[in-house]
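Report on the structure given below.
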Amino acid sequence: MKRLLLAAAVALLPFGCAPPPPQPGQPVTLDQGPYWSGLTRAAYYTVDQGSRLMPLDWFRALKRPDGSSFLAGRLARYGYLRNYEAPTSDLPVGFTTNGPDNDKWVGMNCAACHTRQIDVGKTSYRIDGGPAISDFQAFLTDLDTSVAHLLADPGMFQTFAVDVLGGHPSDGDMRKLHDDVQAWFTPYDLLMQKALPATMKKKCIYSMAL
């Protein structure tokens, strides 16, 4: 009887658990049943849920105080994961876009905080719906710091304006962009100052005159 039960248990192990063969350089996606397909996963990673964090062109043009791109490495430094379902995208899993082409925003959905990846030896396993290992607080703090530095550094802001506006923006266009960024930053920075622990708050000059 024990042997029969053991044989039955072994026979059931692969059922519903065997991952598909991994592609080179990509994580193994765990089998989560017949109703969870590649198309479902792709939608889960990118579906818009109404979040509007920042204009997308600002997000892509933004640099950290050291001059490196804020989006470098698809934000892997905070634990966010590459979206292999959209291999050409510079946004990680759970970062979404919404709005018309001339006013597109970046936001986040549930997948940013609920997609887990575990590395075992040389193999990575992707678990959709699992708790992410990411530092959302550091992401928010660094975004605040980077925009504060942008507003305080005329040279960095000029580079940012060229990247956002294209060509050779006029002084008037740059002033308007500066005003728009400042208008975005003021409530966001206030929220960060009130919401984050004192040890996470930075000392920075928040605005400049163009």
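The values are calculated or read from the model by the stated rules, or taken from the named source; none is laboratory data. Note that the coordinates shown come from a computational prediction; the quantities given were computed from them, not determined experimentally. Ideal geometry is used to build each Cβ from the backbone, glycine not excepted, and the neighbour counts take in all protein chains shown. Quick note on the areas: whole protein, heavy atoms, side chains included, nothing else; ligands and nucleic acids left out. Shrake-Rupley method; radii C 1.70, N 1.55, O 1.52, S 1.80 Å.
Among the residues of segment 41-71 satisfying the criterion of being charged (D, E, K, R) and outside any loop (DSSP other than H, G, I, E, B), which is surrounded by the fewest Cβ atoms within 10 Å (Cβ to Cβ)? Ranking the qualifying residues of segment 41-71, first place goes to ARG60. Kindly indicate whether ALA111 is closer than 21 Å to ALA61 by Cβ, touching a residue at least 12 places away in the same chain (Cβ under 8 Å) and out of contact with any Asp or Glu (no Cβ under 7 Å at 6 or more places or on another chain). Taking the combined requirement at face value, the residue does not satisfy it. Of everything in segment 117-131 that's without any contact (Cβ under 8 Å) to a residue 40 or more places away in the chain and open to solvent by 50 Å² or more (accessible area, probe 1.4 Å), which residue is nearest to the chain's Cα centre (by Cα)? The extreme case among them is PRO131. Of the helices (runs of 4 or more DSSP H) that lie entirely inside segment 132-196, those containing 3 or more residues that are open to solvent by 30 Å² or more (accessible area, probe 1.4 Å) and under 16 Å from SER68 (Cα atoms) span 136-152, 154-165.
If the condition is being under 16 Å from ILE133 (Cβ atoms) and either in a loop (DSSP other than H, G, I, E, B) or open to solvent by less than 50 Å² (accessible area, probe 1.4 Å) (or both), then segment 72-107 contributes LEU75, TYR78, GLY79, TYR80, LEU81, ARG82, PRO92, VAL93, GLY94. I'd like to check something: does segment 108-116 contain any residue that is in a loop (DSSP other than H, G, I, E, B), open to solvent by less than 30 Å² (accessible area, probe 1.4 Å) and not hydroxyl-bearing (Ser, Thr, Tyr)? Within segment 108-116, one or more residues are in a loop (DSSP other than H, G, I, E, B), open to solvent by less than 30 Å² (accessible area, probe 1.4 Å) and not hydroxyl-bearing (Ser, Thr, Tyr).
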